Amino acid sequence: MSVSGFDLTGQVAVLTGAGSGIGKATALTLAEAGATVVGGDIDVDAVTATADEITAAGGTARAMRTDVTQRADVDLLIDGAKSEFGRVDIVGNIAGVPHNRMIAECSDDEFERILAINLKSVFYGCQAALRVMGEQGSGNIINVSSGAIDTPAPTLACYGMTKAAVAMLTKTLACEAGPLGIRVNALAPGVIETNFSRHNFVDEDGNVDPERLEKYRARFGAMAPLKRVGSAQDVADSILFLVSERSSFMTGQILRPNGGTAMPW
Ligand SMILES: NC(=O)c1ccc[n+]([C@@H]2O[C@H](COP(=O)([O-])OP(=O)(O)OC[C@H]3O[C@@H](n4cnc5c(N)ncnc54)[C@H](O)[C@@H]3O)[C@@H](O)[C@H]2O)c1
């Protein structure tokens, strides 16, 4: 028996970071649910491969080289989707990069770079989404924060600050956009096995080292009551829920696909 309320037929989803990991899994999942997907990523080959996969499976998708640190690129991605398909129902601000550096050792350039990729990009994406969705009177915005907002740890200051700001941006925008018919929610995933965490389990040549991969899974899996690391699909499924009718009374929330590593109220 299938459960209704998850069908996205007729909806247009714009996703950043759609070339890899969580963004790619989300693109494939929303397309499977019937959405047209417009993906943006700085890695144009990777995002083109995602779009090709969707098209090969019978869906509709577009790919664009987008550097989310550039407001003009983000505007073009979202306005382009509106021009071609007539509407934008879902915007997922997913692109992001890891960063590990002790506060004492972090340069200005590094700080600015992480702010630009992980935070300013989301602000640009929210503003562009709001412009299009405000006219429509409907829409779902999803921002990807991180479990790093729940557990301070050495070297995670810059990353954690950007992700905490993304959470606050989400809640504030939810207050402002709710009356316009727009829902805004965020994800704070735990440890998810993607290219993001690849440095933990590759050898010097960049190839996956099975032994290091097992160690990574054991070490980070042990932190979670569910005793495993997450997959990109785990997060994509949470996003599907947040953009579906089945979460229609939820806005301003931080959903945590994290295996139980943190359980804030
Ligand atoms: N993997 C994890 O453990 C984890 C945990 C919590 C949160 N997150 C967040 O999830 C999001 C997605 O991460 P992921 O795990 O899928 O990583 P990933 O590396 O697999 O994918 C990130 C994608 O973003 C793209 N990207 C990077 N810089 C960009 C830029 N300037 N413009 C456009 N695209 C750019 C990359 O090319 C890549 O395709 C990030 O925001 C990350 O901070 C990841």
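Taking every full run of DSSP H in the chain, the ones that stretch at least 27 Å from end to end by Cα along their long axis and average 0.5 or higher on the Kyte-Doolittle scale are 157-177. For segment 64-167, averaging the sequence separation of C-alpha pairs within contact (under 8 Å, six or more residues apart) and dividing by the residue count gives a relative contact order of 36 percent. Applying 0.36 nm per residue to the separation of Asp203 and Met168 and subtracting their alpha-carbon distance, the gain on full extension is 8.9 nm. With the convex hull of the Cα atoms taken as the outline of the chain, the averaged projected area works out to 14.9 nm².
Here r is the Cβ-Cβ distance between Leu180 and Glu211 and R0 is 51 Å; the resulting FRET efficiency, rounded to 0.05, is 0.45. Projecting label points 7 angstrom from Cα along Cα→Cβ for Asp109 and Ala72 puts them 2.3 nm apart. Computed over protein heavy atoms with a 1.4 angstrom probe, the accessible surface ordering of Arg87, Arg183, largest first, is Arg87, Arg183.
Accessible surface for the chain, divided over its residues, is 49 Å² per residue with a 1.4 Å probe. Spin-label pair Ala116-Ser4: with each label point 7 Å from Cα along the Cα-Cβ axis, the two points sit 4.9 nm from one another.
For the chain, what % of the accessible area comes from carbon and sulfur atoms, probe 1.4 Å? For the chain, the apolar C and S fraction of the accessible surface comes to 56 percent. Under the criterion of Cα pairs below 8 Å and six or more residues apart, the relative contact order for the chain equals 19 percent.
The values are calculated or read from the model by the stated rules, or taken from the named source; none is laboratory data. Remember, it's a predicted structure, so these values are computed and weren't measured experimentally. Don't worry about glycine lacking a Cβ; one is built from the backbone with ideal geometry, like all the others, and counts go over all protein chains shown. For accessibility, only protein heavy atoms count, side chains too; no ligands or nucleic acids. Shrake-Rupley method; radii C 1.70, N 1.55, O 1.52, S 1.80 Å.
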